[in-house]
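The values are calculated or read from the model by the stated rules, or taken from the named source; none is laboratory data. Note that the structure is predicted; figures quoted are calculated from it, not measured. Cβ atoms come from the backbone with ideal geometry, glycine included; neighbour counts cover every protein chain shown.
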Amino acid sequence: MMAKTIRLHHGSGGLLMQELIRDLFLRYFDNPGLRSLTDSAILPLNSAQIAFTTDSFVVDPLFFPGGDIGKLAVCGTVNDLAVSGAVPLFLSAAFIIEEGLSMDDLETIVKSMAKEASKAGVSIVTGDTKVVPKGKGDKLFINTAGIGKIEKKYAGISHGLKTKPGDLVLINGTIGDHGMTVMNARGNFHFSSSLESDCGSLNKFIQKILHNSEGVRFMRDATRGGLAAVLCEFAEKSGYGIEIDERTVPVKEEVNGMCELLGFDPLHVANEGKVVMVVEKKYVEEVLCIMKRQNQGKKSAVIGRIVEDHKKKVKLRTVSGGSRWIDLPAGEQLPRIC
């Protein structure tokens with residue numbers, strides 16, 4: 001049964017958000033393109049196929065170590081296309097601006113978007129601007145949409161339909177960097193930290209892997225809900241179990257320390273430059289080598305495997321030698337994180 005009012009939890013990437021999508025949006029908007037609920041819709045266009053996605057960004061604060069809302073808007077949309085196997089080409093950008101926002105801040109953000117778009121090799125080709133009265137917004141919200149081209153052989157990679165038990169789970173670096181950086185930038189805790197967001201466009205990184213190996217069977221970027229959300233959603237959709245080894249999941253000491261103090265689980269904390277891949281076992285060393293040769297993958301690691309046991313569930317093998325189940329976050333740990 002749906003809640004009678006929207007709560008912050010509905011935007012968390014967790015259980016309440018899934019219920020909102022399934023019980024409201026999908027109920028009224030249902031169609032083959034939407035039904036798969038992947039990062040991008042894969043759509044036919046004459047004899048070709050395109051990937052199409054959209055995202056909105058409401059991060060607070062607008063500026064944080066390693067990025068800002070503008071860079072985040074470009075990276076987030078580019079990455080949703082990239083993990084679908086597509087080559088991102090074109091973006092839209094819509095700005096909802098609160099009256100009173102500094103023009104200097106807005107220009108800095110727009111310049112940041114332009115710089116990241118150029119770096120990713122995409123063009124911002126259309127957009128929209130709305131201004132709301134002071135007190136009726138919160139400085140700036142940005143919506144982006146993106147279109148990319150996709151080769152037929154990659155069109156099913158976001159579904160992971162070829163995944164089998166024995167396949168291994170990889171990630172391209174440390175988790176939780178973005179969430180803890182933004183949390184610290186809000187100034188509520190005053191942690192002395194050199195931590196920066198991992199915010200970055202992954203399309204060129206991913207394309208290099210796809211063009212040099214046939215082993216990738218599934219990809220998803222671990223944003224809201226963190227690594228846990230990706231693993232739980234994939235286990236549910238694939239019908240298989242997943243086992244993760246806590247000893248091999250890369251986490252910076254600063255992130256671990258902040259999470260312990262604040263009561264967060266790094267597995268549930270947002271990332272903005274991390275891709276989770278399921279790779280056929282015989283290709284794992286090949287894929288890992290390609291990942292580690294690139295700046296965005298130097299700390300890549302094999303973190304788990306697909307199993308026949310405990311179907312649709314994710315089990316974490318802990319450092320202490322025990323185990324625990326990983327679940328989707330039930331509520332909103334860190335609102336306004338992306």
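At a glance:
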| quantity | calculated |
| --- | --- |
| Arg293 over 16 Å from Leu168 (Cβ atoms) and without any contact (Cβ under 8 Å) to a residue 12 or more places away in the chain | yes |
| Checking Asp309 against (1) at pLDDT below 95; (2) in a helix (DSSP H, G or I), the condition it does not meet | (2) |
| Any hit, the range 150-166, residues being on the phi < 0 side of the Ramachandran plot, in a strand (DSSP E or B) and among the aliphatic types (A, V, I, L, M) | no |
| Residue tally, condition touching a Leu at 6+ places or on another chain (Cβ under 7 Å), more than 17 Å from Pro88 (Cβ to Cβ) and of a type in the set (Lys, Arg), over the range 131-162 | 1 |
| Test: residue in the range 143-151 that is farther than 25 Å from Ile42 by Cα, among the charged types (D, E, K, R) and either touching a Ser or Thr at 6+ places or on another chain (Cβ under 7 Å) or not assigned by TED's automatic domain parsing to the domain that holds Met219 (or both) | no |
| Some residue of the range 237-248 being modelled with pLDDT of 95 or more, polar (S, T, N, Q), within 27 Å of Phe64 (Cα to Cα) and not assigned by TED's automatic domain parsing to the domain that holds Leu81 | no |
| Criterion: assigned by TED's automatic domain parsing to the domain that holds Ile209 and touching a Ser or Thr at 6+ places or on another chain (Cβ under 6 Å) - qualifying residue of Thr126, Thr181 | Thr181 |
| Hits in the range 167-182 (condition: hydroxyl-bearing (Ser, Thr, Tyr) and part of a loop (DSSP other than H, G, I, E, B)) | Thr174 |
| Filter result (modelled with pLDDT of 95 or more and outside any loop (DSSP other than H, G, I, E, B)) within the range 183-216 | Asn203, Lys204, Phe205, Ile206, Gln207, Lys208, Ile209, Leu210, His211, Asn212, Val216 |
| Unique residue being closer than 28 Å to Gly67 by Cα, surrounded by 16 or more Cβ atoms within 10 Å (Cβ to Cβ) and acidic (Asp, Glu) when the list is Glu272, Glu280 | Glu272 |
| Contacts under 8 angstrom Cβ, first residue in the range 34-59 being closer than 15 Å to Asn203 by Cβ, partner aromatic (Phe, Trp, Tyr) and at pLDDT 90 or above, 6 or more apart | Ser40/Phe52 |
| Candidates Leu161, Leu170 - the one that is closer than 30 Å to Arg305 by Cα and modelled with pLDDT of 95 or more | Leu170 |
| Every pair of residues 6+ apart whose Cβ atoms lie under 7 Å, when the first sits in the range 60-89 and is within 23 Å of Thr38 (Cα to Cα) while the second is of a type in the set (Phe, Trp, Tyr) and part of a helix (DSSP H, G or I) | Gly85/Tyr154 |
| Any hit, the range 249-257, residues being over 14 Å from the mean Cα position of the chain (by Cα), of a type in the set (A, V, I, L, M), in a strand (DSSP E or B) and buried (at least 16 other Cβ atoms within 10 Å of the Cβ) | no |
| Those residues of the range 283-304 which are within 30 Å of Phe64 (Cα to Cα) and not in a helix (DSSP H, G or I), in sequence order | Arg293, Gln294, Lys298, Lys299, Ser300, Ala301, Val302, Ile303 |
| His211, sole failed condition from (1) within 19 Å of Gln296 (Cβ to Cβ); (2) out of contact with any Lys or Arg (no Cβ under 8 Å at 6 or more places or on another chain); (3) touching a residue at least 12 places away in the same chain (Cβ under 8 Å) | (3) |
| Residues satisfying the stated conditions in the range 192-203, i.e. surrounded by fewer than 16 Cβ atoms within 10 Å (Cβ to Cβ) and either over 16 Å from Thr174 (Cα atoms) or among the polar types (S, T, N, Q) (or both) | Ser192, Ser194 |
| Meets criteria (more than 21 Å from the chain's Cα centre (by Cα) and either in contact (Cβ under 8 Å) with a residue 40 or more places away in the chain or surrounded by fewer than 22 Cβ atoms within 10 Å (Cβ to Cβ) (or both)) for Ser238 | no |
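Okay, residues lined up against (1) of a type in the set (A, V, I, L, M); (2) buried (at least 21 other Cβ atoms within 10 Å of the Cβ):
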| position | (1), (2) |
| --- | --- |
| Thr126 | no, no |
| Ala155 | yes, no |
| His159 | no, no |
| Lys162 | no, no |
| Ile171 | yes, yes |
